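Quick note: the coordinates plus some simple rules give every number you see, no bench work behind them. Keep in mind that this is a model prediction, so the values were computed, not measured. Counting neighbours? That spans all protein chains shown, and the Cβs are built from the backbone with ideal geometry, glycine included.
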Amino acid sequence: MAYQAVFKRYEMKYMMTRRQRRNILEAMLPYMKLDDFGHTTIRNVYFDTDSYILVRRSIEKPVYKEKFRIRSYKQAEAQDNVFIELKKKYDDVVYKRRESLSQLEMLEWLARGTPFPKATQIGNEIDYFFRLYQTLNPKVFLSYEREAFYALDGSDFRVTFDENILARQEELSLSREVWGEPLMDGDMVLMEIKTSGAIPLWMTHTLAQEKIYKTSFSKYGTAYQKMICGHQTETAGKVFIA
């Protein structure tokens, strides 16, 4: 199945209650539609160096930051496709580049430490990233329930709602069930607006009416601050399929 490999857009985050989400969804009805995946459980494994340089740099809110993760949109089996993603942010613009492999291919590539299996520009960038950060290893499993919506006018304006955000440093596998330490209060929802252009006026008016304001919230950064600072576990750095 074809997939988008390159993204360049603004990504803005808003924290809200479930009641506020219902009001946002009502306002979205004339303008947006649930995408083909509907409600999805997203699984991620974030990679970092032994000293957690990527997440520590991100928390400092620099002009430029980057991260690396593997992702699946379901509980992945050996032959299911998963995504290998480089995500960079410069001057508020997010650049995401990704390739897809079967989970088995991905695990074999990580275990062998060989060049990326696909000889593409993105594959070359992934190889460079691993050479640059020499001690990259899996550090955190992070999952959440997501609903994603796209604009009916054909623009690239998208809205996602994430809840039940969980993190752990054990069982760093896209094949395992979701469980872990909650990163938000149970009544809270994280909304993200993703677009290469401006936010539509109807959304701006709705956010103002609901008194919902842009916030800074990093899932991996929150997991690091909540779980890892001061008590790193010995299980980090292992990713497996069974």
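Points to keep in mind about this one:
- The H on the amide N of D50, modeled in the peptide plane, is under 5 Å from the matching H of T135, each at least 5 residues off or on a different chain.
- Tilt relative to the chain, helix 103-112 - C-alpha long axis, 0 to 90 degrees, to 10: 40 degrees
- Karplus-derived HN-Hα couplings along the range 181-198 (A = 6.51, B = -1.76, C = 1.60, θ = phi - 60°), whole Hz, x at Gly and Pro: 8, x, 9, 9, 4, x, 8, 9, 10, 9, 9, 10, 9, 10, 6, 8, x, 8
- Under 22 Å from the Cα of K211 - lysines, other chains or at least 8 residues apart: K13, K194
- The long axis of helix 18-28 is offset from the longest Cα principal axis of the chain by roughly 70 degrees.
- With contacts taken as Cα pairs under 8 Å at a separation of at least 6 residues, the range 6-228 carries a relative contact order of 30 percent.
- With a cut-off of 13 Å between beta carbons, the residues surrounding R21 carry a summed charge of -4, where Lys and Arg count +1 and Asp and Glu -1.
- Choice from N137, N164, N124 with maximal GNM fluctuation in the chain (Cα, 10 Å cutoff): N124
- Choice from V45, V55, V63 showing the highest fluctuation, given a GNM over the chain with Cα pairs closer than 10 Å: V63
- Near V94, the amide H atoms lying under 5 Å from its own belong to R9, Y10, E11; only residues 5 or more places off or on other chains count, and H is placed 1.01 Å from N.
- The range 6-228 shape via C-alpha gyration tensor axes, a/c threshold 1.5: prolate
- For the chain, the longest principal axis of the C-alpha atoms and the axis of helix 201-210 are separated by about 90°.
- Shape class of the range 33-125 from the alpha-carbon gyration tensor: oblate, with a/c at 1.5 or above and b/c at least as large as a/b.
- Structure remark: mean-square fluctuation, Gaussian network model of the chain, C-alpha springs under 10 Å; the largest value among T41, T206, T120 belongs to T120.
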